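Okay, structure first, notes after.
Read-outs: derived from the displayed coordinates by stated rules, not from any lab. Not measured: the values here are computed from a predicted model. When we count neighbours, we look across all protein chains shown, and the Cβ atoms used for this are built from the backbone with ideal geometry, even at glycine.
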Amino acid sequence: MANARLRDVSVVAARIGVVAALVLCWELGSRSGYLDPLTFSSPSRVAPQFVDLFSSPVVSVDLESTVKNVGFGFASGALAGGVLGLLLLGMGESVRGILLNYVVSLQAIPLLVFYPLLLTIFGLTRLPIVIIVAVVVMVPVTVGVTNSFAAVPRSLVRLTRALDLSRGTALRKVYLPAAVPLLFPSLRLGFLLAMVSAIGMEFVVASQGLGYAVAHSYHAFATDQMYALIVFICLLAVVVDVALTAVENRLRRDRVA
Amino acid sequence: MSGPGNAQSLEFEDVCLEYAGRHGVTPAVSGLTASVDAGRFVSLIGPSGCGKSTLLDIAGGLLPPTSGVCRLGGTDVTGPQSTTSMVFQEAALLPWRSVLDNVAFPLEVKGVRASERRARAAELLRTVGLDGFANAYPSELSGGMRQRVSIARALVTDPALLLMDEPFGALDQQTRSMMGLELTRTWERVQCSVLFVTHDIGEAVALSDEVWVLSRRPARLLTRIEVDLPRPRADDLPLQPRFQELEAEIWGTLREESRAMGVPERVGV
């Protein structure tokens, strides 16, 4: 027991150590001139900017905007993907194969190219970004739902039939938890894509959002602020990923160990 | 109709089942008439793929027969019955639930109160000898223990009929014999009617009051053999001459069947 604890602590320590070493290399590289300070800045100059970020009202507007873009886009995309995935499951295996192909090939299309078109339809509002984020999220979620539910062991399907469970009960009590190990990675991928595409679009055409803020700092030669924003975005992504993992472990308590 | 406990009789009356497939109609069961009297333990044995499991699905209401009827306690079986429990070859446990919550699952979906269903589940875990494992997860158990959990789950609803589809088929021989012995002990206490599918002749004789020997597909009833061994069954059962006689009798019937079909001798063992 004590040994396992010690091992856990040293693993965490090693992980922190890796990050610390990278930050140190960054600082040293910048001070010694191996890294051009104008392009790469340095941790000691980014850190104070980081503090400023939270006191500036401008960035909180950007943060709110990005959270909304990602949040609305992810939520509606995941919902659409869930419904579409379940509809596909309800169809025969051959029909499912044909239709799923179309969904998957959506993934190959850089949906960002539709952004200008959506802009002309909806104007410079949040909607074009949210729509594209939703479609981007929908694809892996649809595939994830279909595949993870199709992979539920036949013995569990027989059990739901033998116990004469209603569709809703079977879904809630058996299929959904059984599908979690395969379903969750697709949700996590969906979230990652939502972040990437929302911030990417904010970069190009938007008047607010973290992507816009990064681009704006870049154009204003505010390199230190730009790095502070980049670090902030990274942290945000990590926090959400940790939260998703926690949800996953709650749904499948047997997998925590 | 009713025997000891809630046990109910199961009757098959001229049951036929045909599958409509790509190559026309395939008969799986043809004209089976037989009954499990209330509180009896009946084993179904026959060549592999002969339709034993199909018959179990019909009895469980999972599969409607093409013609004929199946009755439980005198009432036609038209769908899954709450008084029937099934045990499959795979334990089919929910891996994200503790052993206790797995056993309590059928009561939970019936809306039984948490305290009540947990008490009942704990009682059944004791019956199958797993009282120390209530909080364990299925992945922490051996194959034999998992199947015991699945049997406890089947019995938690106090069923009138227990349908078992080769429940020990995936276990090694030693565990299998132990589980058979335990099942007889448990069953001698709960006394529901049992229809037990197996392809192991010794297992069928050791556990049952009666063995039905089925033909190759489409399944017909070749013979019913009354197992007149005293209960509770002795631990050294396989050494008793009467046991061996019964085993030989079933073996002989199965061998004749494969000869009659003009196939090499390969009965399902």
Gaussian network model of chain A, springs between alpha carbon atoms under 10 Å - residue of A:121, A:129, A:16 with greatest fluctuation: A:16
Estimated 222 nm signal from helices in the protein assembly as shown, with DSSP H stretches of n ≥ 4 weighted -39500 (n - 2.57), rounded to 500: -19000 deg cm²/dmol
Inter-label distance, nm, simple model (7 Å from Cα along the C-beta direction), residue A:114/residue A:6: 5.8
Residue with peak Gaussian network fluctuation, chain A [Cα springs, cutoff 10 Å], from A:99, A:118, A:183: A:99
Three-way shape label, chain A, alpha-carbon gyration tensor, a/c 1.5: oblate
Fluctuation leader among B:145, B:86, B:164 - chain B, Gaussian network, Cα springs under 10 angstrom: B:145
Averaged over A:176-186, number of beta-carbon atoms from partner chains that fall within 10 Å: 1
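For segment B:64-179, what class follows from the C-alpha gyration tensor (a ≥ b ≥ c being the square roots of its eigenvalues): rounded when a/c is under 1.5, otherwise prolate if a/b is larger than b/c, else oblate? All intermediate terms of the calculation are to be shown ahead of the outcome.
Details: a/c = 2.27, a/b = 1.32, b/c = 1.72.
Verdict is oblate for segment B:64-179.
Suppose R0 equals 41 Å; then what is the FRET efficiency for residue A:244 and residue B:223 from their Cβ-Cβ distance, rounded to the nearest 0.05? Walk me through the numbers on the way to the answer.
On the way: r = 60 Å, r/R0 = 1.47.
Efficiency, from the Cβ-Cβ distance: 0.10.
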Cα-based shape type of segment A:1-93, given that a ≥ b ≥ c are square roots of the gyration tensor eigenvalues and the cut on a/c is 1.5: oblate
